[in-house]
Amino acid sequence: MSAVLPERIAQAREFKGITKTDLAQALGVSPAAVAQWESGAKSPTSENLAALARYVGFSIAAFQRPFPADVLRLGPLSFRATINAATKRANLQSEQLAKLVAESYGWLAERVALPIPNLPEGGQVQNDVEQAAQSCRRSWNLGDRPILKLGELLESQGILVLRASFGGANIDAFSCRISGRPFIFLGSDKKDRARSRFDAAHELAHLVLHQHYSGYLSESDDHKELERQANSFASAFLMPAEIFRNDVIDSTLNGFLRLKERWGVSVQAMVVRAHQLGIISDSRRTELFRQMSWKGWRKPGGEPLDELVPEVRSSVGKRSIDLLTQNRIIQLWEVPNEVPFPDDVLNVAFGIDADQFDATTQPNIVLLPIVG
Amino acid sequence: MPISSDFQALVAKDWSPENLMGVQRALRMAYENSLSICDAEKQPIFGTPNRPLVAGSVRWLAVDYYLNEACRLGWLKGITAKWVVLGGKKNEFPCHLVLTGANTSVIAIHLQQEEDIPRDSKYRRNTRVANEACPLLAGFEHMDENVEDALINMLLVHGDKNAEFAELRAYYSVENRSQYELIIGNIMGGAVAAPPSDAETVSEPSVALILNLSEQNQPSAGA
């Protein structure tokens with residue numbers, strides 16, 4: 001049997017979102033034993049390894065799979081979360097998800113030519129976020145009109161957009177660059193389309209503006225400033241000043257609601273943008289926020305007409321797998337053998353439900369040669 | 001009852017193709033959302049034989065809600081929405097949402113089948129009485145100068161499971177509830193209405209097989 005990699009054990013535990021003590025309790029071993037497995041001082045017995053694999057949802061092959069060297073090269077990780085709610089463990093869990101997904105895409109990229117990452121260089125214009133957002137639009141050959149197909153746009157520029165459940169963690173979205181490939185992970189639990197679009201644009205901001213940072217942006221000293229920049233960038237990217245300004249004829253809530261479908265952003269985001277551009281005064285902004293609170297629009301999912309806002313769609317993973325199966329490069333049930341990670345990871349990476357990877361659910365068709 | 005082409009033109013002023021598109025969108029959204037709300041898989045309390053009763057009420061709420069929103073969002077140009085109380089102990093509800101244009105007044109009602117007769121109500125009876133005397137329906141040439149008094153009252157009948165049909169009808173007989181003039185039919189026909197958009201054009205991200213892989217999997221010519 002190939003050797004078990006200690007780093008994979010730590011990865012599996014972190015992906016599961018549990019402590020060493022939790023894992024030890026679940027497997028009936030001492031926390032010291034788990035620590036030794038993770039440090040490489042000792043290897044788990046085959047029984048413990050099997051129990052570990054069952055518990056964390058990894059196949060045994062995954063524990064023996066060497067890390068591709070470049071997957072460890074992780075760019076800055078940003079977490080878009082409710083303030084103070086992103087715990088370190090939830091961050092680690094998301095980081096491991098990102099690494100496993102990136103590794104899955106590493107496998108995919110050996111078989112399918114994916115869109116080449118095309119992120120504009122935004123670091124220099126970090127102090128002029130408005131200009132950075134405009135430059136990003138220009139470098140992608142966009143004018144100042146609304147962007148409704150945001151997911152398609154990001155993916156066509158080589159930024160992989162994925163939907164993931166962050167469980168109980170209060171994370172809305174996060175982004176990172178792994179091996180030079182940018183990823184945006186959006187929460188799948190959220191039904192609020194307008195907010196999800198803003199989350200995606202906010203993460204794009206981190207990828208463009210803060211690409212020279214490393215580690216967790218949330219642990220950076222200027223985290224609040226980085227978040228402010230990302231919000232301003234998202235706002236300017238989704239609602240370019242000149243055309244948006246011309247659209248705001250009626251600065252009542254109803255007036256903004258009429259623009260929701262056209263711009264695909266929440267009324268709240270439009271009010272903030274209108275204030276930022278000097279279209280409405282401080283007192284008008286305060287009054288509109290008071291009205292929104294009173295109507296319950298500021299609660300998640302509370303703002304009306306979200307159904308008119310297009311979803312952030314992602315298709316690269318699913319279409320790539322379809323391409324491989326349609327050309328008989330691989331069958332769906334073979335994918336988990338090639339990429340031996342938990343079903344959740346494959347589902348996030350490729351947008352395919354776990355049961356479709358199950359050989360027993362595949363059509364039972366055998367091609368027979370024609371005998372002349 | 002004859003309807004002159006002048007009259008049709010007058011109706012079309014309120015119910016332009018764009019406004020009818022707005023009605024179509026509102027109805028589709030109302031049906032989709034009410035079906036989603038009453039989905040027994042999402043909400044087990046709807047998994048009882050009484051579901052259709054509640055689902056009908058939810059659809060009724062949803063249709064009026066989205067027609068009201070359609071007015072608010074400017075999808076129905078020149079039309080205003082107003083809630084009219086039909087009675088009740090406290091004179092607060094039930095209410096009809098009445099859509100009023102320059103020449104027409106419309107309330108929405110669901111029918112199981114296109115040929116069903118709308119249930120009677122005091123409001124609908126009153127509108128039939130008004131229609132019977134309405135100079136617009138009787139013929140444009142007799143039209144009263146006072147258009148406000150001569151509003152033609154129409155029902156927006158809609159129905160089937162997924163809003164497969166919707167028509168504007170003017171019921172005009174006090175005694176015979178089945179008699180109506182079809183004013184505008186087939187509102188749900190054609191493509192799903194979407195507002196014209198001036199959004200940026202974005203193409204699908206491209207993915208392609210890496211060439212040598214696809215070649216490896218082609219059957220060889222001499223085999």
> Within the group B:ALA199, B:ALA170, B:ALA163, B:ALA193, which residue is at pLDDT 65 or above, within 14 Å of another protein chain (Cβ to nearest Cβ) and surrounded by 14 or more Cβ atoms within 10 Å (Cβ to Cβ)?
Replying inline: B:ALA199
>> Against the definition (assigned to a strand (DSSP E or B), away from chain A (no Cβ under 14 Å) and not small (Gly, Ala, Ser)), how does B:VAL98 come out, yes or no?
In response: yes
> Among A:PHE341, A:PHE357, which is surrounded by 20 or more Cβ atoms within 10 Å (Cβ to Cβ), modelled with pLDDT of 90 or more, farther than 27 Å from A:ARG195 by Cβ and more than 13 Å from chain B (Cβ to nearest Cβ)?
Replying inline: A:PHE341
>> I'd like the full set of residues that are exposed (fewer than 15 other Cβ atoms within 10 Å of the Cβ) and either assigned by TED's automatic domain parsing to the domain that holds A:LEU154 or closer than 14 Å to A:ARG163 by Cα (or both), limited to the stretch A:317-338.
In response: A:LYS318
>> Being part of a helix (DSSP H, G or I) and either surrounded by 15 or more Cβ atoms within 10 Å (Cβ to Cβ) or of a type in the set (D, E, K, R) (or both) is the filter here; which residues of the stretch B:29-40 pass it?
In response: B:MET29, B:ALA30, B:TYR31, B:GLU32, B:ASN33, B:SER34, B:LEU35, B:ILE37
> Is it fair to say A:GLU303 is in contact with a Phe, Trp or Tyr (Cβ under 6 Å, 6 or more places away or on another chain) and either touching a residue at least 60 places away in the same chain (Cβ under 8 Å) or not in a helix (DSSP H, G or I) (or both)?
Replying inline: yes
>> Here are the criteria: (1) part of a helix (DSSP H, G or I); (2) without any contact (Cβ under 8 Å) to a residue 60 or more places away in the chain; (3) buried (at least 23 other Cβ atoms within 10 Å of the Cβ). Tell me which single one A:LEU204 does not satisfy.
In response: (2)
>> So the check is Cβ under 6 Å with 6+ separation or different chains; which pairs have a first residue in the stretch A:86-107 that's in the same structural domain as A:ALA164 (by TED's automatic domain parsing) and a second one that's at pLDDT below 80?
In response: none
>> Looking at the stretch A:26-39 only, could you name the residues that are over 31 Å from the mean Cα position of the chain (by Cα) and surrounded by fewer than 14 Cβ atoms within 10 Å (Cβ to Cβ)?
In response: A:GLY28, A:SER30, A:ALA32
> Of (1) more than 23 Å from A:VAL335 (Cβ to Cβ); (2) surrounded by fewer than 16 Cβ atoms within 10 Å (Cβ to Cβ), A:ALA10 satisfies all except one. Which?
Replying inline: (2)
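Rundown of residues vs (1) away from every other protein chain (no Cβ under 14 Å); (2) assigned to a loop (DSSP other than H, G, I, E, B), yes/no style:
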site: A:VAL272; (1), (2): yes, no
site: A:ILE280; (1), (2): yes, yes
site: A:GLU287; (1), (2): yes, no
site: A:LYS299; (1), (2): yes, yes
site: A:PRO310; (1), (2): no, yes
> Do we have A:ALA62 as within 25 Å of A:TRP107 (Cα to Cα), without any contact (Cβ under 8 Å) to a residue 40 or more places away in the chain and within 26 Å of the chain's Cα centre (by Cα) here?
Replying inline: no
> Are any of the residues in the stretch B:41-60 within 14 Å of another protein chain (Cβ to nearest Cβ) and either out of contact with any Phe, Trp or Tyr (no Cβ under 8 Å at 6 or more places or on another chain) or not in a helix (DSSP H, G or I) (or both)?
Replying inline: yes
>> Any residue at all in the stretch A:216-236 that's aliphatic (A, V, I, L, M), out of contact with any Phe, Trp or Tyr (no Cβ under 6 Å at 6 or more places or on another chain) and surrounded by fewer than 23 Cβ atoms within 10 Å (Cβ to Cβ)?
In response: yes
>> I'd like to check something: does the stretch A:188-201 contain any residue that is assigned to a loop (DSSP other than H, G, I, E, B) and within 12 Å of the chain's Cα centre (by Cα)?
In response: yes
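The values are calculated or read from the model by the stated rules, or taken from the named source; none is laboratory data. Everything numeric in this text was worked out from a predicted model, so none of it was measured. Every residue, glycine as well, gets a Cβ built from its backbone with ideal geometry; the counts of neighbours run over all protein chains shown.
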